[in-house]
Amino acid sequence: MGNRKRIFQSLQTAMLLLLISLTGGSGLMTIYGADTEEELLIPEKKEEGILVPSSDQQDQDNTHNIWKESGLAGECHDAVPQAEQNRTEGWIAWDESWEYASYSAIHTGMAYLYRAPASRGIVVAVNAGHGTAGGTEAQTLCHPDQSPKVTGGSTGEGAIYAMAVSNGTTLLDGTPESQVTLSLARLLKDRLLQEGFDVLMIRNSDDVQLDNIARTVLANQVADCHLSLHYDSTETDKGFFFISVPNVESYLGMEPVASHYQQHMALGNALLSGAISQGIMLYGDGTLPIDLTQTSYSTIPSVDVEVGDRASDYSPQTQGRIADAIVTGVKQYFGVG
């Protein structure tokens, strides 16, 4: 320990150690001495997004403190430091400086960034819809420019504000939509990692304290595309579709929609091709135009995917086929084999 203490006497050496840590890619699970991602969070602190380092990691803490005190690191987080957030596996903390961050009402939770063993360098944000306690009690602006919604949906046409996160529907057997989207998200995560895609897992458990805007902003900052998974509230097993961008002049002219709606549509159409390749039934032409909060704040290709409805089968076999279809669509969109 004497040699290690002397190492930390030099800021220059501390900076070198940080670079070694970055290139090693060990991530927070090594830094905080955890065997699993769940061990990184104290359960009673989970909603506050507080990380607690293990007691035998004082040297890493010293490195972090020296780097912070040097004035070279900018703002430091208890999770992955901002300078490392786009390349290090681990928990991603909220940053108020992010574009559109001030529009979020609920953002004390964190997302987890997984790195594929043979990474392509493409990050897919997987967002299991719903699952935010208290989400129906808070409201957020439907659009960043405070204009009214141009279509109906979970919130009616003409509304200025929407629930921060709705509870979602309940499948006919009584299972909450949030549980079914989470099981699908976990399958999709595993398949994407197998195919070399890194995954930003927006929700890893039954609850995450991130509203719809926060989820979108996190995806904007870390990922290359954003997939939000849902089951529709109808009861006809209607099939697979995505929420397309409404062809309304005022909406298409609003930023960030104006700069990105063609990307959203291209990603959605690629997912439809993936569904067809897996023999999955589409609802109509596979699109339904709705003015969504997600689309209204997205600065990366972003799609709400409705994979079924209240009457749909959600067995592991069926969800596996859906996950395979989505992966096929993602590969098509990014032009990778």
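Could you let me know the centre-to-centre spacing of region 186-206 and region 107-145, using Cα atoms, in angstrom? Answer, in whole Å: 12. Taking a sphere under 10 Å around the Cβ of Glu306 and counting the other residues whose Cβ falls inside, with K and R at +1 and D and E at -1, yields a net charge of -2. Please give me the summed charge of the neighbours of Thr236: other residues whose Cβ is under 12 Å from its Cβ, Lys and Arg +1, Asp and Glu -1. Within the 12 Å Cβ shell, the charges total -2. Count Lys and Arg as plus one, Asp and Glu as minus one, and take only other residues whose Cβ is under 13 Å from that of Ser102; the net charge is then -4. Dipole magnitude for region 201-255: computed about the Cα centre from +1 point charges on Lys and Arg Cβ and -1 point charges on Asp and Glu Cβ, it is near 120 debye. Taking every alpha-carbon pair under 8 Å whose residues sit at least 6 apart, region 243-337 reaches a relative contact order of 42 percent.
Per the Debye calculation on region 205-337 with a single equal scatterer at every Cα and no solvent contribution, log₁₀ I(q)/I(0) for q = 0.10, 0.11, 0.22 Å⁻¹ amounts to -0.32, -0.38, -1.40.
Remark: spin-label model distance Ile276-Glu255 equals 3.6 nm, labels positioned 7 Å along the Cα→Cβ axis.
A simple rule links phi to the HN-Hα coupling: the Karplus curve 6.51 cos²θ - 1.76 cosθ + 1.60 with θ = phi - 60°, which for region 217-232 gives 5, 4, 4, 3, 7, 10, 9, 9, 7, 10, 10, 9, 9, 8, 10, 6 Hz, with x for Gly and Pro.
Throughout, read-outs are computed from the coordinates displayed, never taken from laboratory work. The model shown is predicted, which means the values in this text are computed figures rather than measured ones. Positions of Cβ are generated from backbone atoms using ideal geometry, with glycine treated the same way; all protein chains shown enter the neighbour counts.
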